[in-house]
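Visitor: My questions all concern the structure below.
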Amino acid sequence: MYSVVKILLLILVLALGACDNGDDSNKPDVAKNQTATRTLVHGVGSITITGFMTNAQWKGVADNIQTGINARLSSDILAAGEDTVVNYYKGVFARGITYIIEPEPVGYNSHKTTGDGKTAYVALGKIDTAGWTDTMAAIGQNQISQDGTIIGKAGKVQGVAALGA
């Protein structure tokens, strides 16, 4: 009887040891869709930041994008006045702006916009630089841009009507 109890206790101990303790430290950090929403200064609205990356890559990304845009807004306010800048960007950010952060950008080095007036792409390795905030003006004017160069407007590229336009 005593050995049966020992065996049952041993089985119980082994079973409990095999249970998931909730510690994810041994699990691989695999890339997945990551999304965050951040509110901007001066009441201009909010943005969505998204990207397909690991948790380690994602850490701090949304805050860096928010900080960059907030700094650009404050700089633009110093240059053009608060009413002008805030009123303009309230209209822009009301569109539902999305910043897509890519660890391995294709077709650009730092940043690009699609011309839809709502979407910007930023290379993960460039989020700590100021240049990507040029996307705000391109988004506001529905421009297609790549690495700070305006390529055209939606439907037109370099002055030539795009296919289907």
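Visitor: Among the listed residues VAL13, VAL44, VAL30, VAL4, which satisfies the condition of being over 27 Å from VAL85 (Cβ atoms), modelled with pLDDT of 95 or more and among the β-branched types (Val, Ile, Thr)?
Guide: Sole residue among the options that is over 27 Å from VAL85 (Cβ atoms), modelled with pLDDT of 95 or more and among the β-branched types (Val, Ile, Thr): VAL30.
Visitor: What is the residue count in segment 40-61 for residues that are within 22 Å of ARG95 (Cβ to Cβ) and surrounded by fewer than 12 Cβ atoms within 10 Å (Cβ to Cβ)?
Guide: So the answer is 1.
Visitor: On to the next question. May I ask you to verify whether VAL92 is touching a Phe, Trp or Tyr at 6+ places or on another chain (Cβ under 6 Å), in contact (Cβ under 8 Å) with a residue 40 or more places away in the chain and not in a loop (DSSP other than H, G, I, E, B)?
Guide: Judged against the criteria, VAL92 is not a match.
Visitor: Scan segment 95-110 and give yes if some residue there is modelled with pLDDT under 95, of a type in the set (Val, Ile, Thr) and within 22 Å of the chain's Cα centre (by Cα), otherwise no.
Guide: Yes, the conditions are met somewhere in segment 95-110.
Visitor: Checking the condition among the polar types (S, T, N, Q), buried (at least 21 other Cβ atoms within 10 Å of the Cβ) and farther than 18 Å from THR35 by Cβ, which residue from SER145, SER110, SER75 passes?
Guide: Result of the check over SER145, SER110, SER75: SER145.
Visitor: Could you look through segment 118-131, keep only residues that are at pLDDT 95 or above and not in a strand (DSSP E or B), and pick out the one that is nearest to LYS90 (Cα to Cα)? Full working, then the answer.
Guide: Step one: filter segment 118-131 for residues at pLDDT 95 or above, giving 118-127.
Filter again for not in a strand (DSSP E or B), leaving 118, 124-127.
Working: LYS118: 13, LEU124: 26, GLY125: 28, LYS126: 26, ILE127: 23 Å.
Of everything passing the filter in segment 118-131, LYS118 is nearest to LYS90 (Cα to Cα).
Visitor: So, of the residues in segment 109-127 that are without any contact (Cβ under 8 Å) to a residue 24 or more places away in the chain and of a type in the set (A, V, I, L, M, F, W, C), which turns out to be farthest from GLN57 (Cα to Cα)?
Guide: Looking at the filtered set, the residue picked out is ALA120.
Visitor: Out of curiosity, is THR35 touching a strand residue (DSSP E or B) at 6+ places or on another chain (Cβ under 8 Å) and closer than 24 Å to LYS153 by Cβ?
Guide: no
Visitor: Quick check on TYR88: is it surrounded by 14 or more Cβ atoms within 10 Å (Cβ to Cβ) and in contact with an Asp or Glu (Cβ under 6 Å, 6 or more places away or on another chain)?
Guide: no
The values are calculated or read from the model by the stated rules, or taken from the named source; none is laboratory data. What you are looking at is a predicted structure, and each value in this text was computed from that prediction instead of being measured. FYI the Cβ positions are ideal-geometry reconstructions off the backbone, even for glycines, and counts take in every protein chain you see.
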